[in-house]
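A.B. asks: What follows is a structure written as structure tokens; I'll ask about it next.
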Amino acid sequence: MRMTDLGWLGRLGIEALPLYSWVAVGGALVTVGAGAAVLLGLTISRQWGNFWSGWVTSLDHKRIGVMYIVLALIMLIRGFVDAIMIRLQQAIALNSEGYLPPEHFDQIFSSHGTIMIFFMAMPFMTGLINIIVPLQIGARDVAFPLLNSISFWLTASGAGLVLISLVIGRFSTAGWTGYPPYSGVEFTPGVGVDYWIWAVIISGVGTTMSGINFIVTILRKRAPGMKLMLMPMFVWTALCSSILMVFAFPALTVVTAMLSLDRTFGFHFFTNDAGGEAMNYMNLFWIWGHPEVYILILPAFGIFSEVVSTFSSKRLFGYPSLVYATAVIAILSFTVWLHHFFTMGAGANVNAVFGIATMVIGVPTGVKVFDWLFTMFRGRIRFETPILWTLSFMVLFVIGGMTGVLLAIPPVNFTTHNTTFLVAHFHNMIIPGVLFGYLAGYMYWFPKVFGFRLERKWGVWSFWLWTIGFMLAFLPLYWTGLRGMPRRMETYANAEWQPFLVLTFVGACLILCGIICLALQLWASVSKRSQLVDTTGDPWDARTLEWMTSSPPPVYNFAALPVVSERDAFHVAKQNGTHLKLEFDDSDIHLPRNSMIGVILGGASFCIGFGMIWYMWWLALLGLSATIAVIILRSFREDTEYSVSSQQIAFDVAERQGAQ
Amino acid sequence: MTTEVSREDNLPNEAEFGFWLYLMSDAILFGLIFATYVVMVNNTAGGPTGDDLFSLNNLTIQTVLLLTSTLTIALGHQAAVSKNAGSAIFWLVVTCVLGAGFLAFELRELNDMVAREAGPGRSGFLTSFFTLVGTHGLHVTAGLLWALTMIAQLAIKGPTPPVASRLLRLTLFWHFLDIVWIGVFSVIYLPGLMG
């Protein structure tokens, strides 16, 4: 089929509907139904105006952060449905086809990984950084509020492409890593891999811009007196993570764009014939992919640091060592990518270098674990939900870390490569390490954002179900991996594995209950919000600046900027019964006006992606032209800010004091 | 009156600092495409090599055009800083002409190669060649659009501080593309022509 012979709809036709499997039809109906329900709900409750002006076009970093986290939680549900479907298939597919055809099963594990990394973990992290970092450094917004909104809508646009692939066309069957030559057009000609490519490129561009935004925010917008070594630990980890975003994400953009050129325009980067180099893909992909692991986990380390210190009622132990450990991890993360493909055959010496570098990363990570333990040592620990996640993390993460050191030994790696041992290992890092950290952050900072705490009971239930569910779901996979079970098996003939796979399915069911408990917790807390309300702005007796302002904070965050002279300055002032010195300034506060540029660029990039996927060239060109036109027109506008008068601020402050 | 200059005043503004970070990110992007080219340069799959395809004349003209434009855009920025909008517009127009000339010669070269059955689908070598040169060319195109926008802004708004800041960022971008071109020149064409 020649591309120029296609009509307006490109290669889109009636066969794009997911009629190949009843499960896929069900998934498509649920996706469309959920989308329609949201639109209907907004219409019935007449909330379109609020939704548009309060959220979609808002440039307030706190609201953009909340939208990121809502996106992450929606995608968590979608990604988890994929996960439990994989587990159910493997639990029953001994010597049988199970309930999923192979083509569909392959889409499910591909979308599970893609969603969980790019559209669950990344937005969750970006959302938390967005909300908390400006508050922790005593700033009124991020450095580039409009860029922030654009980044969010690009991420949402990528997520939209993944979601819509379930309804129109199919998703990739090439796994979340999309290795060629299988992902090349010769072996996988449909739209699936293209959906994956464009979802990843579009959201990846958004992430690169988020990284730039956060670096400038942290380095240039700190409160007076806040030197680098006085920054809260979460800000440090956000800074290192952002630096990694700026320097690692170009690799992802390059490698996916090259794969797209191969697939769409007949280039030969990774093909088997005409001088392609498939192995170059693995290198480029993991030059991004390994730093990505640390992009995700460093902010989680930051959250654990804040939580441990607050709920142990103690100063963070070994703050400088935590800062240096974070920086060292960030640097070393660029030196280990080859350990993802020791079996490629780079040679014993190369493998040895990368194996040793990998083990070295364990050292600063170990330093951190000891710092957290010593922070708790002789502390007065309050067992609120955030520290429960932290405790569970510390135990499980050490187990995962040790299996990582095993995998870092090339000869061991050869025997466990692409087995479920590896699957168990990286889930062991990413669920307790990353997700538990974000959930701890969610429960810790929720009262700051919404003005009331999440109630404890369902949070504790969720914590136990997630922790036990995780152990049941993944520890058996270490065993099956050692017994030789490859990852991504749609069906298998070895009866020895089945009891373990049934056990992992039970674990997945417990995690499902844990997710339901999260929803119940949110529901119960919203209904009982008058009892859980936080009038002080500091419900946990915490230590950093975000707790100094009211909950929820006013749109300008701080009426007067705090002057910082030491670490945990807010806590020290509380101890002395004084207040932090404030920098009073009678001038008005300037804040960014709402802008629809973000959502327009998100829509335009969706058109570019959708057009490229389906060969609707006019749509892609339309999206590209709209993008360029909007950026140029915006650059002519000067009135992008509005001001809040000092009288208004004084009135707000008086009103808040009256309310207390 | 005090003449003391605080540390804050010497720091670039936030937008300029952010733009430096973007350039660093873009440098990584080019670095990876360069690395890919070096890996694939010998994967000619029986097709033509750089020796067969590259022309010294074309390369010289392109290089002269682009390197001259980096001087003219710097003059344009200086004119805007000294509040001389007319002169700034003049130098930007010259820059655009030189940049468009560069692109025209580049497109002619690439078209010739496609016409000689040496397009990007011919071999791994040509794939990586077209991608590297094409990525640079797309950046130059974006820079041209940006320069045209700046001409309009100078004409409408005059050399106000936000316009001058945008022009500074465009100048940085343009210099960056020159540096990348020197990389293209040294990594692609010189070894190809030396055979």
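The values are calculated or read from the model by the stated rules, or taken from the named source; none is laboratory data. All figures in this text were calculated on a predicted structure; none of them were measured in a lab. Because the Cβ atoms are built from the backbone with ideal geometry, glycine has one as well, and the counts that use them run over all protein chains shown. Side chains are part of the model used for accessible areas, which takes the heavy atoms of the whole protein and leaves out ligands, DNA and RNA. Shrake-Rupley method; radii C 1.70, N 1.55, O 1.52, S 1.80 Å.
A.B. asks: Looking only at the range A:211-244, which residues are touching a Phe, Trp or Tyr at 6+ places or on another chain (Cβ under 9 Å) and of a type in the set (Gly, Ala, Ser)?
C.D. replies: A:GLY211, A:ALA223, A:ALA238, A:SER241, A:SER242, listed by residue number.
A.B. asks: To continue, here is another question. Considering the range B:109-147 alone, what residues qualify as being more than 9 Å from every other protein chain (Cβ to nearest Cβ) and open to solvent by 60 Å² or more (accessible area, probe 1.4 Å)?
C.D. replies: Residues satisfying the conditions are B:ASN111, B:ASP112, B:VAL114, B:ALA115, B:ARG116, B:GLU117, B:LEU138.
A.B. asks: May I ask you to list the residues in the range A:382-405 that are under 14 Å from A:ILE431 (Cα atoms) and under 21 Å from the mean Cα position of the chain (by Cα)?
C.D. replies: Narrowing the range A:382-405 to residues under 14 Å from A:ILE431 (Cα atoms): A:389-401.
Matches in the range A:382-405: A:TRP389, A:THR390, A:SER392, A:PHE393, A:MET394, A:LEU396, A:PHE397, A:GLY400, A:GLY401.
A.B. asks: Hey, does the range A:534-542 have a residue that's under 30 Å from A:THR419 (Cα atoms) and not β-branched (Val, Ile, Thr)? Outline the logic, then answer.
C.D. replies: If we filter the range A:534-542 for residues that are under 30 Å from A:THR419 (Cα atoms), which is where we start, we get none.
Within the range A:534-542, none of the residues are under 30 Å from A:THR419 (Cα atoms) and not β-branched (Val, Ile, Thr).
A.B. asks: What are the residues in the range A:333-352 that are in contact (Cβ under 8 Å) with a residue 12 or more places away in the chain and surrounded by fewer than 18 Cβ atoms within 10 Å (Cβ to Cβ), if any?
C.D. replies: Going residue by residue through the range A:333-352, those that are in contact (Cβ under 8 Å) with a residue 12 or more places away in the chain are A:333-344, A:348, A:350-352.
Hits for the range A:333-352 are A:PHE334, A:THR335, A:THR343, A:MET344, A:ALA348, A:VAL350, A:ALA352.
A.B. asks: So which residues in the range A:178-226 are within 13 Å of chain B (Cβ to nearest Cβ) and without any contact (Cβ under 8 Å) to a residue 12 or more places away in the chain?
C.D. replies: none
A.B. asks: Among the candidates A:ALA251, A:ALA238, A:ALA223, which residue alone is at pLDDT below 95 and either over 19 Å from the mean Cα position of the chain (by Cα) or open to solvent by less than 10 Å² (accessible area, probe 1.4 Å) (or both)? Walk me through how you get there before you give the answer.
C.D. replies: Values: A:ALA251 fails: at pLDDT below 95; A:ALA238 fails: at pLDDT below 95.
Going through A:ALA251, A:ALA238, A:ALA223 in turn, just one is at pLDDT below 95 and either over 19 Å from the mean Cα position of the chain (by Cα) or open to solvent by less than 10 Å² (accessible area, probe 1.4 Å) (or both): A:ALA223.
For (1) modelled with pLDDT under 95; (2) among the hydroxyl-bearing types (Ser, Thr, Tyr); (3) assigned to a helix (DSSP H, G or I); (4) out of contact with any helix residue (DSSP H, G or I) (no Cβ under 7 Å at 6 or more places or on another chain), each residue gets a yes or a no:
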position: A:PHE334; (1), (2), (3), (4): yes, no, yes, no
position: A:HIS339; (1), (2), (3), (4): yes, no, yes, no
position: A:ASN349; (1), (2), (3), (4): yes, no, yes, yes
position: A:GLY355; (1), (2), (3), (4): yes, no, yes, no
position: A:TRP389; (1), (2), (3), (4): no, no, yes, no
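A.B. asks: Looking at (1) open to solvent by 60 Å² or more (accessible area, probe 1.4 Å); (2) within 30 Å of A:LYS448 (Cα to Cα), can you tell me which one A:PHE118 breaks?
C.D. replies: So A:PHE118 meets the others, but not (1).
A.B. asks: Identify, please: which residue in the range A:478-509 is over 22 Å from A:ASN413 (Cβ atoms) and within 27 Å of the chain's Cα centre (by Cα) and is, among those, surrounded by the most Cβ atoms within 10 Å (Cβ to Cβ)?
C.D. replies: A:THR504
A.B. asks: Residues that are away from chain A (no Cβ under 12 Å) and of a type in the set (A, V, I, L, M, F, W, C): which helices (runs of 4 or more DSSP H) entirely in the range B:9-88 hold 1 or more of them?
C.D. replies: Details: elements: B:14-40, B:50-53, B:56-81.
Correct list: B:50-53, B:56-81.
A.B. asks: Please work out which one of (1) free of Cβ contacts under 8 Å to residues at least 60 places away in the same chain; (2) within 12 Å of another protein chain (Cβ to nearest Cβ); (3) part of a helix (DSSP H, G or I); (4) open to solvent by 20 Å² or more (accessible area, probe 1.4 Å) is the condition A:SER321 fails and give its number.
C.D. replies: The single condition A:SER321 does not satisfy is (2).
A.B. asks: Hey, another quick one. Considering only the range A:405-417, how many residues are touching a Gly at 6+ places or on another chain (Cβ under 7 Å) and in a helix (DSSP H, G or I)? Full working, then the answer.
C.D. replies: Applying the first criterion (touching a Gly at 6+ places or on another chain (Cβ under 7 Å)) to the range A:405-417 yields A:405, A:408-410, A:416.
With the extra rule that they be in a helix (DSSP H, G or I), the set shrinks to A:405, A:410, A:416.
Of the residues in the range A:405-417, 3 are touching a Gly at 6+ places or on another chain (Cβ under 7 Å) and in a helix (DSSP H, G or I).
A.B. asks: Do we have any residue at all in the range A:89-102 that's of a type in the set (Val, Ile, Thr) and surrounded by fewer than 21 Cβ atoms within 10 Å (Cβ to Cβ)?
C.D. replies: We begin by selecting, within the range A:89-102, every residue of a type in the set (Val, Ile, Thr); these are A:92.
Imposing the further condition that a residue be surrounded by fewer than 21 Cβ atoms within 10 Å (Cβ to Cβ) reduces the set to A:92.
Looking through the range A:89-102, at least one residue is of a type in the set (Val, Ile, Thr) and surrounded by fewer than 21 Cβ atoms within 10 Å (Cβ to Cβ).
A.B. asks: Taking the criterion of being under 27 Å from the mean Cα position of the chain (by Cα) and of a type in the set (Val, Ile, Thr), would at least one residue in the range A:530-548 satisfy it?
C.D. replies: Taking every residue of the range A:530-548 in turn, at least one turns out to be under 27 Å from the mean Cα position of the chain (by Cα) and of a type in the set (Val, Ile, Thr).
A.B. asks: Is it the case, given these coordinates, that A:LEU296 is in contact (Cβ under 8 Å) with a residue 12 or more places away in the chain, within 14 Å of chain B (Cβ to nearest Cβ) and under 24 Å from the mean Cα position of the chain (by Cα)? Steps first, answer last, please.
C.D. replies: On the way: in contact (Cβ under 8 Å) with a residue 12 or more places away in the chain: yes; within 14 Å of chain B (Cβ to nearest Cβ): no; under 24 Å from the mean Cα position of the chain (by Cα): yes.
Here the answer is no, as A:LEU296 does not meet what is asked.
A.B. asks: Mind listing whichever residues of the range A:170-196 are hydrophobic (A, V, I, L, M, F, W, C) and over 17 Å from A:HIS268 (Cβ atoms)?
C.D. replies: A:PHE171, A:ALA174, A:TRP176, A:VAL191, A:TRP196
A.B. asks: Report yes if some residue within the range A:127-146 is hydrophobic (A, V, I, L, M, F, W, C) and open to solvent by 20 Å² or more (accessible area, probe 1.4 Å); otherwise report no. I'd like the intermediate steps shown before the answer.
C.D. replies: Here is the first cut: in the range A:127-146, the ones hydrophobic (A, V, I, L, M, F, W, C) are A:128-129, A:131-133, A:135, A:137, A:139, A:142-144, A:146.
Still in the running and open to solvent by 20 Å² or more (accessible area, probe 1.4 Å): A:144, A:146.
Looking through the range A:127-146, at least one residue is hydrophobic (A, V, I, L, M, F, W, C) and open to solvent by 20 Å² or more (accessible area, probe 1.4 Å).
A.B. asks: Which of the following residues is under 30 Å from A:LEU261 (Cβ atoms) and crowded, with 21+ Cβ neighbours inside 10 Å: A:GLY598, A:GLY611? Lay out the reasoning, then the answer.
C.D. replies: Values: A:GLY611 fails: crowded, with 21+ Cβ neighbours inside 10 Å.
Testing whether each residue is under 30 Å from A:LEU261 (Cβ atoms) and crowded, with 21+ Cβ neighbours inside 10 Å leaves just A:GLY598.
A.B. asks: Next question. From the list A:VAL423, A:VAL395, which one is modelled with pLDDT of 90 or more and surrounded by fewer than 18 Cβ atoms within 10 Å (Cβ to Cβ)?
C.D. replies: One residue alone meets the criteria, A:VAL395.
A.B. asks: If you take the residues in the range A:519-537 that are within 26 Å of A:LEU73 (Cβ to Cβ) and in a loop (DSSP other than H, G, I, E, B), which one is most open to solvent (accessible area, probe 1.4 Å)? Walk me through it before giving the result.
C.D. replies: First, pick out the residues of the range A:519-537 that are within 26 Å of A:LEU73 (Cβ to Cβ): A:519-534, A:537.
Checking which are in a loop (DSSP other than H, G, I, E, B) leaves us with A:528, A:534, A:537.
Numbers: A:LYS528: 78, A:ASP534: 12, A:GLY537: 0 Å².
Restricting to residues being within 26 Å of A:LEU73 (Cβ to Cβ) and in a loop (DSSP other than H, G, I, E, B), the top hit is A:LYS528.
A.B. asks: Let me ask something additional. Does the range A:284-304 contain at least one residue that is open to solvent by 20 Å² or more (accessible area, probe 1.4 Å) and more than 25 Å from A:PHE124 (Cα to Cα)?
C.D. replies: No, every residue in the range A:284-304 fails to be open to solvent by 20 Å² or more (accessible area, probe 1.4 Å) and more than 25 Å from A:PHE124 (Cα to Cα).
A.B. asks: I need a count of the residues in the range B:35-54 that are open to solvent by less than 50 Å² (accessible area, probe 1.4 Å), within 15 Å of B:MET113 (Cβ to Cβ) and of a type in the set (Val, Ile, Thr).
C.D. replies: The total comes to 1.
A.B. asks: What are the pairs with Cβ atoms under 8 angstrom where one residue, in the range A:562-587, is under 26 Å from A:GLN648 (Cβ atoms) and the other, located anywhere, is assigned to a loop (DSSP other than H, G, I, E, B) and of a type in the set (Val, Ile, Thr)? Sequence gap at least six, or different chains.
C.D. replies: Final answer for the pair search is A:PHE570/A:THR544; A:LEU580/A:VAL563; A:LEU580/A:VAL564; A:LYS581/A:VAL563; A:LEU582/A:VAL563; A:GLU583/A:VAL563.
A.B. asks: Let me ask you something else. Looking at (1) crowded, with 16+ Cβ neighbours inside 10 Å; (2) in a helix (DSSP H, G or I), which one does A:LYS314 not meet, given that it meets all the others?
C.D. replies: Unmet condition: (2).
A.B. asks: Only one of (1) more than 21 Å from the chain's Cα centre (by Cα); (2) at the interface with another protein chain (Cβ under 9 Å from one of its Cβ atoms); (3) buried (at least 21 other Cβ atoms within 10 Å of the Cβ) is not met by B:LEU154, so which one is it?
C.D. replies: Only one criterion in (1) more than 21 Å from the chain's Cα centre (by Cα); (2) at the interface with another protein chain (Cβ under 9 Å from one of its Cβ atoms); (3) buried (at least 21 other Cβ atoms within 10 Å of the Cβ) is unmet by B:LEU154, namely (2).
A.B. asks: Out of curiosity, is A:LEU591 under 34 Å from the mean Cα position of the chain (by Cα) and open to solvent by less than 30 Å² (accessible area, probe 1.4 Å)?
C.D. replies: Working: under 34 Å from the mean Cα position of the chain (by Cα): yes; open to solvent by less than 30 Å² (accessible area, probe 1.4 Å): yes.
Yes.
A.B. asks: Here's another thing I want to ask about it. Can you give me the number of residues within the range A:266-283 that are facing chain B (nearest Cβ under 7 Å) and open to solvent by less than 40 Å² (accessible area, probe 1.4 Å)?
C.D. replies: Just the residues of the range A:266-283 that are facing chain B (nearest Cβ under 7 Å), to begin with: A:266-269, A:274-277, A:280.
If we keep only those that are open to solvent by less than 40 Å² (accessible area, probe 1.4 Å) as well, we get A:266-269, A:274-276, A:280.
Total satisfying the criteria: 8.
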